[in-house]
Amino acid sequence: MAIGLSTNIYTGSAPERLCCPTWPRPWPQPQPQPWPGPWDWNESRENLDNATVGRHGFLGLERTRGYAVDRNGDGRYTPGQDMVLAMDLNRDGRVTPDEIEKSREMLQAMSGDFDFNHDGVVTICERLKGQAYQRQMRQYDTDRDGRLDAGEFARAGGRVLIDSNRDGRFQDWEQHSPFDFPTGGFGRGSINYIDPFCGQTSIHERGPWSPCPWDKWKPTPFQAPMRLERYHYC
């Protein structure tokens, strides 16, 4: 009796072959990097709650004081490098010098500091105004953590102002969304949170080839921010 070598070859269809436990499975495909990716990082910068950020009035003789973020870490406001946090309070699509100064007082009031003119004395008028600002800002702080994230700041009409041409005035093209603003070079950034009590603002930096975490979204008082499910590149 001849003894032969028998070979059992599985000849099923493609779906059946993939279901076979002994069939070699395909190598797993690379997935998109989770946010933040390799070109992304977070940084915290000091808030400058009484910075002179520009000029306004007749012949620009009046100083515009705003709530700035010291991005370059030199301890003072530098036009074109540092950014100013302000709110479009009347929702007309642009931030005026009066709104910059009022936004400074409203953000400062969140920390419990009602000395708006920084003379070392809190008057009765400053205390009453500060308490009113506190109640107003609590309406936007929906999670009650004492900070404003990008969505909460956007619902308050928040904008990020960067004096790119260093003329002391913030044009429409220098007013950016808190979800997407220039950070120098080819990078972009978004606000993680604004913490007036601790005096810091956390910024999410993105490199030029990093996936954008937020959609090009125009905030309204009744609209919440949405994360993009699919990745697109800035």
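Coordinate-derived values only; no laboratory data. Remember, it's a predicted structure, so these values are computed and weren't measured experimentally. Cβ atoms come from the backbone with ideal geometry, glycine included; neighbour counts cover every protein chain shown.
Between D98 and F197, what length comes free when the chain is fully extended (0.36 nm per residue of separation minus the Cα-Cα distance, one decimal in nm)? It would help to have the intermediate numbers written out before the result.
Values: separation 99, 0.36 × 99 = 35.64 nm, distance 2.32 nm.
Going from the current span to full extension adds 33.3 nm.
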Stokes-Einstein D for region 45-206 (37 °C, 0.692 mPa s, Kirkwood Rh from Cα pairs), in µm²/s, comes to 209 µm²/s
For the residues M110, M83, what sequence is obtained by ranking on other C-beta atoms within 10 Å, fewest first?
M110, M83
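Of T183, T78, T123, how do they rank once you tally other Cβ atoms within 10 Å and put the fewest first? Before the final figure, lay out each step's value.
On the way: T183 19, T78 16, T123 13.
Fewest-to-most ranking of T183, T78, T123: T123, T78, T183.
Would you mind counting up the charge near F197? Only other residues with Cβ under 12 Å from its Cβ, with Lys and Arg at +1 and Asp and Glu at -1.
Details: positive: R147; negative: D49, D113, D141, D145, D195.
Within the 12 Å Cβ shell, the charges total -4.
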Compute the distance in nm between two label points, each set 7 Å from the Cα along the Cα-to-Cβ direction, one at D145 and one at E46.
2.4 nm
So I124 and R138, fully extended at 0.36 nm per residue minus their Cα-Cα distance, gain in nm 2.9 nm
Quick note on S103, S177, S202, ordering by fewest other C-beta atoms within 10 Å, gives S202, S177, S103
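What chymotrypsin sites (Phe, Trp or Tyr not before Pro) does region 36-90 have in DSSP loop regions with at most 15 other beta carbons within 10 Å?
W39
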Between region 42-61 and region 113-169, what is the C-alpha centre distance in whole Å?
14 Å
